[in-house]
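Let me begin by presenting the structure, written as C-alpha cells, before commenting on it.
Please treat every number below as a calculation from the coordinates, not as lab data. Only a predicted model underlies this, so the values are computations on that prediction, with no experimental measurement involved. FYI the Cβ positions are ideal-geometry reconstructions off the backbone, even for glycines, and counts take in every protein chain you see.
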Amino acid sequence: MNGLEKFADEQMLYWFEVLSLMGQFDLAHGSIVAVLKLLTSTSSDLHRLLKDALHFIAKFHKLIKRSALHTYYSALPFTPTYNLLHRRYIKEVEHNICGIQGGPEKWNALIANLGHEERVQVVRFSLDGTLLVSYSDGYVDYDDIHKQGKLRIWDAATGTPISTITGHRFAATNDFSTVASFEDKTIMFSNMNGSPNGTMFTTCSAIRGLTLSSESGRVAAALSDGTVWLWDSGNAELIDSFQSFDGSEDNTNQPKFSPTGTRLAYSSAKGIVKLRDGMSGKFIADLQCGLNHEFEFSGDGSRIASVSYNDNLRLWNSQSGGLIAAIANVRWRCFAISANGSLLATADHCQDKVTLWSENGDHLAEIKVLQVCMLRSLDFSRDNILAIATFSDVELYNVKTHSSIHKLHFGRFDKALALSPDCTRLAVDDYEGNVNLWDIGIDASDSEGNATAVTALTLSRDCSRLACGFENALGFGPDGGLFASGSNEWDGGTIKLWNGKDGSLRGTLKAPSGLGAVALSDSVLVAAGDGGVTLWSFDTLSLIHTFTESSYEMPTLSIAENHALIAVAHHGGVSLLNAEHHRTITTFDVRGGIHAMAFLPDNQQLVAQSRNGVFLSFNLINKHIMKGATLEHLIQLPNISLWHGLPILHCLDNEQHYFTASQHKSPVPVLWIPRHIP
C-alpha cells in the first residue's frame with residue numbers, strides 16, 4: 001500500500017502522460033476504479049487523490065489524448081485549487097508559458113464536455129443508468145459532400161468514451177448491447193464496443209425507421225413502401241410484415257418498442273398509431289391520435305401519450321390500446337410522459353409555459369402551470385423530477401413538492417436532453433456538437449454550474465484591464481482608458497461607455513439593431529449589427545455616420561489606430577470602410593466567419609483569424625488575400641502579447657479557444673482552454 005500511495009503522490013500524472021503517448025489513455029479510468037474498489041477507507045488521502053484523478057480524467061480526457069504534454073500545460077492549471085491532486089502536482093506548471101489565476105476551488109457539477117463533434121439528434125441513458133449514448137445522422141453538407149453519421153457510447157459516471165460507430169442512421173437496444181446502423185435497404189449490427197457482430201438484414205425498399213428491443217429480442221423496420229417488418233434478432237428470422245406505415249421520413253414518428261419489449265407502435269395513415277404485440281406482431285388496436293402526431297411510451301411501458309397538430313393530448317393504455325383520458329386545445333412544442341404514465345407535461349413556447357397534467361376520470365386535468373421562457377425540451381426521471389430545458393439552462397422541478405430543485409446554466413442548448421433513471425446524471429447537447437454531462441446528485445449551491453455564464457470578455461491591449469459580463473459586445477480603447485459594452489433588448493439595444501480605470505459611466509448611446517460587436521479608437525466608437533455600422537464621437541457622444549449598404553449580421557470589428565479605416569466581418573465577407581469619407585472601399589469574399597481582426601500600424605495590411613483557426617492576411621492596396629500571417633506581421637499587431645520576443649496568440653478553432661506561441665509558420669499550442677470553462 002505504501003508503494004501505491006507513493007506512486008499516486010509522485011508519479012500518477014507521469015503515468016497519464018505515458019498512456020497518452022502510447023494511445024492508451026482510456027485505460028487510466030478503469031485502472032483507478034479497480035483500485036478504489038479495493039480500498040477499505042474512503043477518508044484516506046489516497047482515496048481522495050484517486051477520486052480527484054477520476055474527475056481530472058473526465059474533465060480533461062479529450063485534451064490529454066490530443067497531447068500528452070498538455071496534461072501539464074493545459075489540464076493541471078485548470079484543476080480546482082482546493083483538491084489534493086492540484087496541491088500534489090502544481091509544481092509541474094512552474095515554467096509554463098501561460099499561467100492561470102483565479103481558477104475554480106473545487107470540482108463543479110459538470111462532469112465532462114463530451115466532444116461528439118457533430119450536431120446531436122439524440123442523447124439517451126441506458127436503463128441501468130451506467131451508459132450514455134449520443135448519435136447524429138449522416139447528411140450532405142453545403143459542398144455536396146456526404147458526411148457519415150456517428151453514434152458514440154460513453155461511461156455515464158465519468159464521461160469516458162467507450163466506442164464510436166459510424167453509419168448513416170442508428171438505433172440501439174435499451175442496454176446498448178446492440179447497435180444498428182442503417183441506410184437505404186441495409187441494416188448492419190454492431191456490439192457495444194463498436195465491433196461488427198456479423199449480422200446484416202436487407203429489405204425490399206428503403207428503410208425509413210428502425211427500432212430494437214433487447215427485452216423481446218426483436219427488430220422492427222418501417223419501409224418506404226408502407227410496410228413494417230418484424231424479425232427475431234437472435235436467428236434473423238422474419239416473423240411477419242404489416243401494411244399501413246405512413247412511409248414518411250419524419251424522425252419524430254419512428255416505430256417504437258415499449259421499454260419492456262411487449263408492444264410495438266408505429267404511425268399509420270389518417271392520424272392512426274398501430275399498436276401490436278412486440279413479440280408476435282399480433283394486432284392489438286388502432287390509436288386515433290390525430291394528424292401530424294407524436295407519441296411516446298411511459299418508462300414502464302404501461303401507457304402511451306400522444307399529441308397532434310390540432311392540439312389534442314391523449315393518454316392510452318398500451319396493453320389494450322384503450323383511451324384512458326384526453327383533452328383538446330393544448331398548444332405544444334414538445335411533451336413528456338412520466339415513468340409510470342401518471343403525469344404528462346407539455347411546453348407551449350408561444351405562451352412561455354409548461355403545463356403538468358394528470359388523469360381525472362376520462363379527461364386530463366391541469367395540475368400546475370410554470371412560466372418558462374424560450375422552451376426547448378422536457379424529460380421526466382423515474383421519480384418524477386421534470387427537466388425543463390430552455391435555450392441557455394435546464395431547470396430541475398420536483399413534481400411531488402411543486403418546487404424547483406435548481407438550475408444548471410450552460411451555453412446554447414440545441415434539442416437533445418436526457419435524465420438518468422436514478423436522476424443523478426443529466427445530459428444535454430449544444431450547438432457546437434458537444435454533450436454536456438452533469439452530476440445533479442450534488443448540492444446545487446456548491447456548483448459553479450449555477451453561475452450565469454459570461455457572454456462577453458475582452459482584455460485591454462496592455463493586459464492591465466479585463467472586462468467581462470453578460471453583454472452582446474465589449475471593447476477597449478487603445479490605451480485601456482475607455483471601454484464600451486453593448487446589449488440587445490426586446491425594445492432596442494444600448495451601448496454604454498465606461499472609464500477603464502475606475503469603471504464610472506461616461507455615457508449611453510442607442511445601439512443598432514442586432515448589435516454584435518463594438519470597437520474603439522482614441523476618438524471614435526464603432527458598433528456593428530444587422531442594422532448597420534454606426535460611428536460616434538467620444539468627445540460629444542454625437543452620431544457621426546451609419547453605414548447601411550449591407551446586413552452586418554454576426555459581425556467582428558476592427559478600427560485603425562488613426563480611425564480612418566474600419567474593417568467589419570459579416571456573413572457576406574469582410575468589408576473595408578472609409579470612416580472619414582463614409583464609403584465602402586471594398587468587400588473581400590471570405591466565408592466561414594472571422595474570430596478576430598487587427599490593422600497593422602501602416603494601415604496597408606489587415607490580419608484576421610477565421611473561426612476554424614486559419615490566419616488570413618488582407619493586402620489593402622492590391623486587395624489580395626493570403627492564407628497565413630508572417631511572424632513580422634504578427635509582432636506588429638497592437639493587441640498581441642510577446643513572450644521573449646515570440647507572439648502569443650489567442651486562437652479559436654471550431655469554438656475551441658487556445659493560445660499559441662509562434663516562431664515558425666506553424667504556431668505551437670501552449671495552452672488549450674478546456675471547453676467546460678465558462
How many nm is it between the label spots at Y82 and A206, if each spot is 7 Å from the Cα in line with the beta carbon? 5.7
FRET efficiency for I162 and A269, using Cβ-Cβ distance with R0 set to 45 Å, rounded to 0.05: 0.65
For the pair E632/N197, report the inter-label distance in nm, with labels modelled 7 Å from Cα in the Cβ direction. 6.4
Which of the aspartates and glutamates could be linked to K510 by a straight reach, that is with a Cα gap under 17 Å, when you skip same-chain ones fewer than 8 residues away? E471, E489, D491, D530, D539
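What length, rounded to one decimal in nm, is gained on full extension from N622 through to I367, with 0.36 nm per residue of separation minus their alpha-carbon distance? All intermediate terms of the calculation are to be shown ahead of the outcome.
Values: separation 255, 0.36 × 255 = 91.80 nm, distance 6.89 nm.
Length difference between fully extended and current span is 84.9 nm.
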Straight-line reach only, C-alpha to C-alpha below 12 angstrom: list the aspartates and glutamates that K274 could link to, leaving out same-chain residues fewer than 8 apart. D246, D286
Computed lengthening from K282 to D422, 0.36 nm per intervening residue step minus Cα-Cα distance: 47.0 nm
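When only Cα pairs under 8 Å and 6 or more residues apart are kept, what is the percent relative contact order across the stretch 195-245?
26
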Ordered by packing density, taken as the mean number of other Cβ atoms within 10 Å over each peptide's residues, highest first, how do 427-439, 503-515, 308-320 rank? 427-439, 308-320, 503-515
Using the Cα gyration tensor of the stretch 203-288, with a ≥ b ≥ c the square roots of its eigenvalues, what is the shape: rounded (a/c below 1.5), prolate (a/b larger than b/c) or oblate (neither)? oblate
Expressed in angstrom and rounded, the centroid-to-centroid distance over alpha carbons for the stretch 374-423 and the stretch 14-31 is 35
Taking a crude spin-label model, label points 7 Å out from Cα along the C-beta direction, the E549 to F391 distance in nm is 3.1
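Which links in K256/K282; K51/K407; K353/K400 stretch past 23 Å when you go from one Cα to the other?
Beyond 23 Å between Cα atoms: K51/K407.
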To the nearest 0.05, the calculated FRET efficiency linking S513 and K415 through their beta-carbon distance, R0 being 41 Å, is 0.90
Length gain on complete extension for the stretch N96 to Q24, per 0.36 nm per residue less the alpha carbon to alpha carbon distance? 23.4 nm
Given the pairs K147/K270; K65/K91; K37/K65; K150/K368; K106/K415; K59/K368, which are separated by over 27 angstrom at their Cα positions? K147/K270; K150/K368; K106/K415; K59/K368
If a paramagnetic tag sat 7 Å from the Cα of S177 along the Cα-Cβ line, which residues of the stretch 101-144 would have the backbone N under 17 Å from that point? 126-132
Computed [θ] at 222 nm, helices only, for the chain once each DSSP H run of length n ≥ 4 contributes -39500 (n - 2.57): -3000 deg cm²/dmol
The stretch 207-222 - phi-based ³J(HN,Hα) in whole Hz, Karplus 6.51/-1.76/1.60, Gly and Pro as x: 8, 9, x, 8, 9, 10, 9, 6, 5, 9, x, 10, 10, 10, 10, 9
Highest-first arrangement of 201-211, 129-139, where packing means the average Cβ count within 10 Å: 129-139, 201-211
Among [x] 3, 13, 21, 22, 20, 14, 7, 1, 0; [y] 3, 14, 23, 25, 19, 11, 4, 1, 0; [z] 3, 11, 14, 12, 10, 7, 6, 6, 5, 4, 5, 5, 5, 4, 2, 1, 0, 0, 0, only one was calculated for this model; which label is it, if the read-out is P(r) over Cα pairs in 10 Å bins from 0, in percent? [x]
